[in-house]
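Undergrad: To start, I am sharing the structure in question, which I have written as structure tokens.
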Amino acid sequence: MAHDNCQHLLADLSDYIDGEAADSVCAEIERHLADCADCRAVVDTLRKTIYLYRQLPQPTLPESARARLIAAFTFADASGS
Ligand SMILES: [Zn+2]
């Protein structure tokens, strides 16, 4: 069964990873992650990517990198059903 929530949650994932999402949003994402290996992989990848970027002398993760990750996941999700 496809996870219709995935793309909805992706919109909030960056806030969640940054610790800026509301508690209710965090709870919703964590509930979904418990049940969705695809999104767990995305969160894991995003966290590692953000961690690596923060080791560099750049203040923020470029939007282009974030968009690329989300686009890659969206493609994988669409082709995997
Ligand atoms: Zn998902």
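The values are calculated or read from the model by the stated rules, or taken from the named source; none is laboratory data. Computed from a prediction, not measured in an experiment: that's the story for all the values here. Reconstructed Cβ throughout: ideal geometry from the backbone, glycine too, with neighbour counts over all protein chains shown. Please note that ligands, DNA and RNA were not included when accessible areas were found on the heavy atoms of the full protein model with its side chains. Shrake-Rupley method; radii C 1.70, N 1.55, O 1.52, S 1.80 Å.
Undergrad: On the given criteria, is Leu52 assigned to a helix (DSSP H, G or I) and out of contact with any helix residue (DSSP H, G or I) (no Cβ under 9 Å at 6 or more places or on another chain)?
TA: Yes: the conditions hold for Leu52.
Undergrad: I would also like to ask the following. Among the numbered criteria (1) open to solvent by less than 100 Å² (accessible area, probe 1.4 Å); (2) modelled with pLDDT of 90 or more; (3) away from the ligand (no atom under 13 Å from the Cβ), which one does Asp15 miss?
TA: (2)
Undergrad: What number of residues within the stretch 18-60 satisfy the criterion of being at pLDDT below 80 and open to solvent by 80 Å² or more (accessible area, probe 1.4 Å)?
TA: Final tally of qualifying residues: 6.
Undergrad: Return the pair list, or none, for Cβ contacts closer than 8 Å from residues in the stretch 64-75 that are open to solvent by less than 60 Å² (accessible area, probe 1.4 Å) to residues that are at pLDDT below 80 and part of a helix (DSSP H, G or I), at least 6 apart or on different chains.
TA: As it stands, the answer is Ala65/Tyr53, since those pairs meet every condition given.
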